[in-house]
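Data first, discussion second: the structure below is written as structure tokens.
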Amino acid sequence: MSQTTTKVTFGQQNDTKPPSVNITYPSYPPTITTGRIIIEGTANDSESGIKTVSASAHVFPFGGNFSINLTPSPISSENNNWSHWSVPLLINTTGTYRVVISASDNAGNNGYSETTINAILSPSKAAVPKIAFVRPSFTEAAYSDHGFYTFYYKYKFPPFGKKITTDLDMFTVKTPISVPERQNETGLRHLSNLTALIPLNGTELRDVSFDGSPDPQKFWMPFVDHVKKAVPSAIVTVMRDEDVNDGHIFSTDKNKTNAYDILLLFHNEYVTQDEYNNLKQFVSKGGTIVFIDSNIFYGQVSYDKDNRTVTLVKGHNWQFDGKAASRSVSERWYNDTKEWVGGNFLENDIHDNITFTNNPFNYTHFEEQFVNNPKAKIIIDYGIKFPKDYLVFETFPPDKKDGNITVATYSLIYGKGKVIMMGLYGQNLAENERFLKLFDNLIIHQALCSNLQPCNMNKASSSNISHNNTVSSIQSSPFPFMG
């Protein structure tokens, strides 16, 4: 919304400065599973003072009007003291809600602040699949300029036991606040429920992997569109690491049942201990996680909700206790991840001359996950091939010193649920037709199948996918959904 300024004279002083208004809670666009949330914030004006604070809301897509009547209006902390205010948002249906707070001063100037609320309310008794993509916002923060990777590049690999006490501020980074498209009125009118939640053109954070520019995340919509097309009856949404950390993948009932059926993760390299535990519990309770990318759960961070920051704890060859940093393990939860995810990150230089003898997608080595649990069911073995004498120069994981490594798309039953791991860096294949056909006809199908019954794959056997039996030969079958 555009700011309005009115010039008013108070003695010798002209007040044309809009008041400041900030939303302090929720501190990021959250996903909620309840029908009520209290929005809190502050408003200040040092010149003429705050006259009133108002709130308005709408659901996406935005039609140009704020159709939700917020009753009651914002409440001041005391006697029209608007330094602190609160307003309840009552939600009746699933959707993405935009809330705009307006503060007016006594000179007629207006200031604005906004947030987005992603609400997923349980449908009635209908067995509608509920599917959520998890935006790796903690990992986005880790890669920000003057963050973790600036530290890694500077200090590289010091001897074990040596404590580093300089540049420790790089281990605490801000999480992304919003989606840039929401910050201008023109783009706002064209946002849908989902595009209001994903950073198509990158975030406000500068990414060291892109020479300090925001990371354009064009891979989102191909996967989102394919899920919506394959399962048109599903509720499809996007949440963030913060939401998983806070337990919003579970319902609010006393049993904390799963609020979703399927979660799809991308490059969720850095997670908190709570997020890690919640994802593991989600699978054990009967949920399915599809890992589109490799290099997941590599490092542990802590999350400061008040300051919207994450801080490295352990992983990626480092640990940080708040006073000093030192060398540590590479993959934070190596053995635990091996147990319930079924594989681990294949550590190597992305520039190594690694190839694949079974490569139906013409995939170029980038980052991969290798199978490390004998219970995993191989869907496609890509036949990874290392350069001659590679084992002499590279250090493989302790339980793979023999170099017997399989990079594959696979599935693994854990508890009452399952994991499907692509094994490759899937976002690099977001425009690959063969890969997306595999994703449509096999991966989504497998994700929706009940773990208590085998998936009916009709004609094609997924284990035979190769150059001679390409993904395009897979015939899709109906998607049985077991509520």
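The values are calculated or read from the model by the stated rules, or taken from the named source; none is laboratory data. As the structure is a prediction and not an experimental result, all values here were calculated from the model. FYI the Cβ positions are ideal-geometry reconstructions off the backbone, even for glycines, and counts take in every protein chain you see. Remember, those area values only see protein heavy atoms, side chains included, never the ligands or the DNA or RNA. Shrake-Rupley method; radii C 1.70, N 1.55, O 1.52, S 1.80 Å.
Going by what's in this entry, would residue 378 be described as crowded, with 22+ Cβ neighbours inside 10 Å, at pLDDT 95 or above and hydrophobic (A, V, I, L, M, F, W, C)? No, not satisfied. Of the residues that sit in the stretch 170-184 and are open to solvent by 30 Å² or more (accessible area, probe 1.4 Å) and touching a strand residue (DSSP E or B) at 6+ places or on another chain (Cβ under 6 Å), which one is modelled with the highest pLDDT? Per the criteria, the residue is 172. Taken as a whole, the condition of being in contact with a helix residue (DSSP H, G or I) (Cβ under 9 Å, 6 or more places away or on another chain) and either over 20 Å from residue 290 (Cβ atoms) or in contact (Cβ under 8 Å) with a residue 40 or more places away in the chain (or both) applies to residue 348. If the condition is being buried (at least 17 other Cβ atoms within 10 Å of the Cβ) and under 19 Å from residue 259 (Cβ atoms), then the stretch 225-235 contributes 227, 231, 234, 235. Elements of the type strands (runs of 3 or more DSSP E) sitting completely within the stretch 39-135 and holding at least 3 residues that are touching a residue at least 24 places away in the same chain (Cβ under 8 Å) and crowded, with 17+ Cβ neighbours inside 10 Å: these cover 50-59, 81-90, 95-105, 110-119, 130-135.
Here is the figure for the stretch 390-413: residues that are at pLDDT below 85 and either part of a helix (DSSP H, G or I) or closer than 22 Å to residue 364 by Cβ (or both) total 10.
Filter the stretch 271-309 down to the residues that are of a type in the set (D, E, K, R) and outside any helix (DSSP H, G or I) and list them by number. Write out each step before concluding.
Start the filter on the stretch 271-309 by keeping residues that are of a type in the set (D, E, K, R), which leaves 274-275, 280, 285, 293, 304-306, 308.
285, 293, 304, 305, 306, 308, listed by residue number.
Please verify whether the stretch 235-256 includes one or more residues that are more than 27 Å from residue 167 (Cβ to Cβ) and in contact with a Leu (Cβ under 6 Å, 6 or more places away or on another chain). Yes, that holds for at least one residue. Counting the residues of the stretch 196-237 that are over 21 Å from residue 249 (Cα atoms) and not in a loop (DSSP other than H, G, I, E, B) gives 10. As a summary of the residue check, residue 278 satisfies the conditions (1) in contact (Cβ under 8 Å) with a residue 60 or more places away in the chain; (2) more than 18 Å from residue 426 (Cβ to Cβ) except for the one numbered (1). Report yes if some residue within the stretch 254-266 is closer than 26 Å to residue 449 by Cβ, open to solvent by 10 Å² or more (accessible area, probe 1.4 Å), at pLDDT below 95 and not in a loop (DSSP other than H, G, I, E, B); otherwise report no. Within the stretch 254-266, one or more residues are closer than 26 Å to residue 449 by Cβ, open to solvent by 10 Å² or more (accessible area, probe 1.4 Å), at pLDDT below 95 and not in a loop (DSSP other than H, G, I, E, B).
Looking at 151, 157, which is the one that is assigned to a loop (DSSP other than H, G, I, E, B) and either at pLDDT 90 or above or crowded, with 20+ Cβ neighbours inside 10 Å (or both)?
157 is the lone residue from the list that is assigned to a loop (DSSP other than H, G, I, E, B) and either at pLDDT 90 or above or crowded, with 20+ Cβ neighbours inside 10 Å (or both).
Residue-by-condition table, conditions (1) open to solvent by less than 60 Å² (accessible area, probe 1.4 Å); (2) of a type in the set (D, E, K, R); (3) at pLDDT 85 or above:
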{"site": "168", "(1), (2), (3)": "yes, no, yes"}
{"site": "186", "(1), (2), (3)": "no, no, no"}
{"site": "190", "(1), (2), (3)": "no, no, no"}
{"site": "194", "(1), (2), (3)": "yes, no, no"}
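Could you list, in sequence order, all residues of the stretch 246-263 that are of a type outside the set (Gly, Ala, Ser) and in contact (Cβ under 8 Å) with a residue 60 or more places away in the chain? The answer is 246, 248, 249, 250, 252, 260, 261, 262, 263.
Just to be sure I understand, how many residues within the stretch 352-381 are over 17 Å from residue 427 (Cβ atoms) and either without any contact (Cβ under 8 Å) to a residue 60 or more places away in the chain or in a strand (DSSP E or B) (or both)? Counting residues in the stretch 352-381 that are over 17 Å from residue 427 (Cβ atoms) and either without any contact (Cβ under 8 Å) to a residue 60 or more places away in the chain or in a strand (DSSP E or B) (or both) gives 18. If I filter the stretch 74-91 for residues that are touching a Phe, Trp or Tyr at 6+ places or on another chain (Cβ under 6 Å), at pLDDT below 90 and under 18 Å from residue 42 (Cβ atoms), do I get at least one hit? Yes, the conditions are met somewhere in the stretch 74-91.
Quick one: is residue 341 in contact with an Asp or Glu (Cβ under 8 Å, 6 or more places away or on another chain), under 21 Å from residue 439 (Cα atoms) and not charged (D, E, K, R)? Answer is no for this residue. When the residues of the stretch 364-375 are filtered to those that are buried (at least 20 other Cβ atoms within 10 Å of the Cβ) and of a type outside the set (Asp, Glu), the one that is farthest from residue 338 (Cα to Cα) is 365. Residues that are in contact with a strand residue (DSSP E or B) (Cβ under 8 Å, 6 or more places away or on another chain) and surrounded by fewer than 19 Cβ atoms within 10 Å (Cβ to Cβ) within the stretch 199-214 comprise 206, 213, 214, listed in sequence order.
For residue 16, the stated conditions hold: it is farther than 24 Å from residue 307 by Cα and modelled with pLDDT under 90. Looking only at the stretch 267-301, residues that are small (Gly, Ala, Ser) and on the phi > 0 side of the Ramachandran plot come to 1 in all.
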